[in-house]
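The values are calculated or read from the model by the stated rules, or taken from the named source; none is laboratory data. Bear in mind that the values here come from a model prediction, so they are computed numbers and not experimental data. Every residue, glycine as well, gets a Cβ built from its backbone with ideal geometry; the counts of neighbours run over all protein chains shown.
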Amino acid sequence: MGKKKSKIAMDLQAALDKDPAARNKFEIFFTYGGFKALYRHRFAHWFYNHGMKYFAKLISSGTRRKTGIDIHPAAKIAGGVFIDHGVGVVIGETVEIGTNVLIYQGVTLGGTGKDTGKRHPTIEDNVMISAGAKVLGPIVVGHNSKIGAGSVVLKDVPPNSTVVGVPGRVVKYNDIRVDDIDQKLPDPILEEFARLNKRIAVLEEALNIKSCKYSITMQNEAQAKSDNAIEEEIRDLAEGIKEQKDKLNSGEKGN
Ligand SMILES: CC(C)(COP(=O)(O)OP(=O)(O)OC[C@H]1O[C@@H](n2cnc3c(N)ncnc32)[C@H](O)[C@@H]1OP(=O)(O)O)[C@@H](O)C(=O)NCCC(=O)NCCS
């Protein structure tokens, strides 16, 4: 079994893999602010977990001064995370971040101010959070998802999605544009009309009346909206009813 890599080694590898401009680990170690912030966070987190919260805070406030990246020492961050450029990144106390996550400058993983306890987001594995995005509240960003630059995300993000905008909305899911997915919301009134239309169609068939072709439940809205077509339908229906009535009358007279 291979030796387990330390979180710091994983962070170095992540920076090398994710930054096309990165040349080698040596350069990353000594010059990358995002790497430095995470490296120092690993120590701050250790002190925090071992009851030395003051030392932990000293380290994290020093990190903020040096890199412009503010990570609360309690935040749980897995190995293999890369903060690119980094300036202006804020990571709150109850944030949890999975492995292989990419975070750009200006990202806030914060609270909305409305929650207590767990009040910051959980970011699952392989997520990308683009420049300036704000992910707020105790929400979950599912694995393999992307948050677009400048988005403000306030609700859970399903795995394998792309979220953009303010407020953030899913525009892609499993690599398919959400517009292309059938997103019809349930409409009980329309459903009831559809049910009634079906019943009418059965009655029309039983009475041998020309059936209704146009309705608001039909796909072709242009057809459904055509007044002339609807008038024609009504005339046909009236004629059909008159015919049936005449037949019944003549039957009655025959008896
Ligand atoms: C979201 C992002 C990661 C692209 O993800 P993707 O899954 O490949 O999504 P697409 O590019 O196919 O875009 C999907 C839709 O969202 C729109 N969109 C993409 N990013 C957006 C953003 N930040 N804000 C608003 N809309 C956005 C696209 O125009 C597209 O809309 P359309 O389908 O109507 O054409 C990318 O657009 C982004 O924001 N990158 C920023 C990376 C960054 O921070 N770089 C900083 C380097 S210093």
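If you check Lys118, Lys155, which single one turns out to be part of a loop (DSSP other than H, G, I, E, B), over 27 Å from Asp19 (Cα atoms), over 11 Å from the mean Cα position of the chain (by Cα) and not hydrophobic (A, V, I, L, M, F, W, C)?
Lys118
Return the residue satisfying two criteria in turn: it lies in region 16-56 and is within 29 Å of the chain's Cα centre (by Cα) and farther than 21 Å from His72 by Cα, and of such residues it is surrounded by the fewest Cβ atoms within 10 Å (Cβ to Cβ).
Pro20
Which pairs turn up if I take residues in region 100-116 that are farther than 18 Å from Val140 by Cβ and of a type in the set (A, V, I, L, M) and look for partners that are at pLDDT 95 or above and within 16 Å of the ligand (Cβ to nearest atom) with beta carbon separation below 7 Å, at least 6 apart in sequence or on another chain?
Note: no pairs meet the criteria.
Among the residues of region 57-65, is any crowded, with 18+ Cβ neighbours inside 10 Å, more than 16 Å from the ligand (Cβ to nearest atom) and without any contact (Cβ under 8 Å) to a residue 24 or more places away in the chain?
Yes, region 57-65 contains a residue that is crowded, with 18+ Cβ neighbours inside 10 Å, more than 16 Å from the ligand (Cβ to nearest atom) and without any contact (Cβ under 8 Å) to a residue 24 or more places away in the chain.
Could you identify the single residue in Val135, Val141, Val166 that is within 16 Å of the ligand (Cβ to nearest atom) and surrounded by fewer than 16 Cβ atoms within 10 Å (Cβ to Cβ)?
Going through Val135, Val141, Val166 in turn, just one is within 16 Å of the ligand (Cβ to nearest atom) and surrounded by fewer than 16 Cβ atoms within 10 Å (Cβ to Cβ): Val166.
What is the residue count in region 138-152 for residues that are farther than 20 Å from Ile176 by Cα and either modelled with pLDDT under 95 or within 14 Å of the chain's Cα centre (by Cα) (or both)?
3
Kindly provide the set of residues from region 100-132 that are surrounded by 23 or more Cβ atoms within 10 Å (Cβ to Cβ) and within 13 Å of the ligand (Cβ to nearest atom), ordered by number.
Ile103, Val107, Val127, Ile129
If His41 satisfies every condition in (1) free of Cβ contacts under 8 Å to residues at least 60 places away in the same chain; (2) not in a helix (DSSP H, G or I) but one, which is the exception?
Of (1) free of Cβ contacts under 8 Å to residues at least 60 places away in the same chain; (2) not in a helix (DSSP H, G or I), only one is false for His41: (2).
Among the residues of region 66-97, write down those that are crowded, with 21+ Cβ neighbours inside 10 Å and at pLDDT below 95.
The answer is Gly86, and nothing else.
Check whether at least one residue in region 205-223 is in a helix (DSSP H, G or I), out of contact with any strand residue (DSSP E or B) (no Cβ under 8 Å at 6 or more places or on another chain), among the aliphatic types (A, V, I, L, M) and modelled with pLDDT of 70 or more, and report yes or no.
Scanning region 205-223, I find at least one residue that is in a helix (DSSP H, G or I), out of contact with any strand residue (DSSP E or B) (no Cβ under 8 Å at 6 or more places or on another chain), among the aliphatic types (A, V, I, L, M) and modelled with pLDDT of 70 or more, so the answer is yes.
Kindly indicate whether Ile176 is of a type in the set (Val, Ile, Thr), modelled with pLDDT under 80 and within 16 Å of the ligand (Cβ to nearest atom).
no
With in contact with a strand residue (DSSP E or B) (Cβ under 6 Å, 6 or more places away or on another chain) and within 16 Å of the ligand (Cβ to nearest atom) as the only criterion, which of Ile77, Ile83 stands out?
Ile83
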